Amino acid sequence: MNYKTPGVYVEEIAKFPPSVAQVETAIPAFIGYTEKGPKNEPTRISSMLEYETIFGKAKNEAFTFAVVAETTTPPIKPRTVTAELTAPNLFKMYYAMQMYFANGGGPCYIVSAGESAGYPASVVKSELEKGLNTLEKEDEPTLIVFPDAEGLSSDNAYDLYGQALDHAGLMKDRFVIMDVIGNNDATAVDEFRLKLDSSENLKYGAAYYPKLETVLSYSYDPAITVGTNTLEYWKTNDSELYNLAKAAIESNKVVMAPSSTMAGVYAKVDSTSGVFKAPANIGLNYVVAPKVKISHEDQEILNVDPTAGKSINAIRTFTGKGTLVWGARTLDGNSNEWRYVSVRRFFNMVEESVKKSTERFVFEPNTANTWIRVQTMIENFLNQQWQDGALAGSKPEEAYYVSVGLNKTMSAQDILEGRMVIEIGMAAVRPAEFIVLRFSHKLQEA
């Protein structure tokens, strides 16, 4: 400062170096149909109550009832009511949010492809595509989920998933959680691998199988007709019949594709352990059982795809343990670099965090002084990641390196053209997918 007037002047001297702030890693964007709310406007929510306030509830289902009167002659049989679900509707966003929050989910974005007047007649791929396109202007979402994708044909669903993978590859800060569309059988798995585009962006997505039977009950209209009158009427005039009918309706449990549940698992693992921990060997809440019982041999086919590398993560039930996520691979299962979900998502986090933090150095002098400040800032961040257990190595130099400078990462021409090139290497930890125990007889010593 050029002092000209006598007096006392205060100067603050910065002692702390710039730092890298870690970005959020588990902020899903759910793209699908809602009862109400703004269309194609990504909206951030934090709870189920907030969702219901803005976007409403599930579409009511239709049931076919059979009422059997109590017999008066021996053997006496009590009155019974059965309710058969006529045809489940294709809109699962409301149930998806229930599963997401029940399994550890937190803040997320809702992109409604529906109409303000209520649910449309069917799921339309072009409307979900519009919802996906709106996310290009949103910086915070890191996961993409389509709860209503199973309402599309497999051709349309996998084309939509391919577009989502390309979107994630373009943005480089998000990850797509997919479902295997169709019936729970081997044909659906083969179709998934055949129809999903084998692009270079497979590393930005993961698929889960099979569908899950949940504890959730389908939504219904209280004015639904049971026998000769409405359910509301029986509530006032025949409480026993009302309770029997209500129990019959609620005995039909919602079957859900696993992607929304897995979004909750990702959020839970990230908050309790860290994004570098594989979202696997985790129990699922609100789940009765997978709709297909997967054996050890079945999973061999799912886990390893020698042709295209499209690994599919299994959800399995184990005696005494319940229903567990039993896979941690991306779709790029044949890649040694990007085989695991946790590795890809950890790199996403570091890349985005460092990118945001180095923006402050845009237009700073491209000199050694700036390079040292940038290098130190990134090294401090990576050292913290190493201390947290995200990077392998017994000492920092084995876990990461940061290089920046003339004749290191830049030429004189780079500097003339205003480029500062920083090279970062990381030894990310990988999950112990196969634990091999080797036993042998120890020879008796005399």
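Rule-based calculations on the coordinates, nothing more; no lab input. Predicted model only: the values in this text are computed from it and were never measured. Cβ placement follows ideal geometry from the backbone for every residue including glycine, while neighbour counts extend to all protein chains displayed.
For the pair TYR401 and ASN383 in one chain, pulling the backbone fully straight at 0.36 nm per residue adds 5.5 nm over the alpha carbon distance. Footprinting exposure proxy ranking of ARG373, ARG345, ARG329, ARG419, fewest other C-beta atoms within 10 angstrom first, gives ARG419, ARG373, ARG345, ARG329.
Relative to the first principal axis of the alpha-carbon coordinates of the chain, what is the inclination of helix 368-387, with its axis defined by its Cα atoms, in degrees from 0 to 90 and to the nearest 10? Helix 368-387 sits at roughly 40 degrees to that axis. Largest GNM mean-square fluctuation among SER311, SER260, SER239, using the chain with Cα springs under 10 Å: SER239. Scalar couplings 3J(HN,Hα) for region 132-139, obtained by applying the Karplus form with A = 6.51, B = -1.76, C = 1.60 to θ = phi - 60°, are 4, 5, 5, 6, 5, 9, 9, 8 Hz; x denotes Gly and Pro. Net length available on complete extension from LYS442 to ASP155 is 97.5 nm, with 0.36 nm assigned per residue and the Cα-Cα distance removed. Relative to the longest principal axis of the Cα atoms of the chain, helix 259-272 runs at roughly 50 degrees. Here the chain is treated as an ellipsoid with the same Cα gyration tensor; its semi-axes, largest first and in whole Å, are 50, 29, 21.
Whole-Hz Karplus values for region 197-204 come out as 4, 8, 9, 5, 9, 4, 5, 9 Hz, taken residue by residue from phi with 6.51 cos²θ - 1.76 cosθ + 1.60 and θ = phi - 60°; glycine and proline positions read x.
Model label sites at MET48 and SER394, defined 7 Å from Cα along the beta-carbon direction, differ in position by 5.0 nm. Here the peptides 124-130, 291-297, 264-270 are ranked by packing, the mean other Cβ count within 10 Å, and the order with the highest first is 264-270, 124-130, 291-297.
Computed 3J(HN,Hα) for region 223-230, one whole-Hz value per residue from the Karplus formula 6.51 cos²θ - 1.76 cosθ + 1.60 where θ = phi - 60°, is 8, 5, 7, 10, x, 9, 7, 7, glycine and proline marked x. Pairs over the 18 Å Cα-Cα cut-off, from the set LYS172/LYS356; LYS268/LYS356; LYS59/LYS92: LYS268/LYS356. For PHE63, nonlocal amide neighbours, meaning residues 5 or more places apart or on other chains whose placed amide H falls under 5 Å from its own, are THR86.
Annotation: amide H-H contacts under 5 Å for VAL226 (H modelled 1.01 Å from N, sequence separation of 5 or more, or interchain): LEU231.
Distance distribution P(r), region 368-446, all Cα-Cα pairs, bin width 5 angstrom from 0: 3, 13, 17, 14, 12, 10, 8, 6, 5, 4, 3, 3, 2, 1, 1, 0 percent. A Förster radius of 22 Å, combined with the Cβ-Cβ distance separating ALA432 from HIS296, puts the computed FRET efficiency at roughly 0.80. Based on the Kirkwood approach, the hydrodynamic radius assigned to region 284-364 is 15.2 Å, with every pair of different Cα atoms included. Need one number: the % of Cα-Cα pairs in region 61-165 sitting beyond the 19 Å mark. When all Cα pairs of region 61-165 are counted, 60 percent exceed 19 Å.
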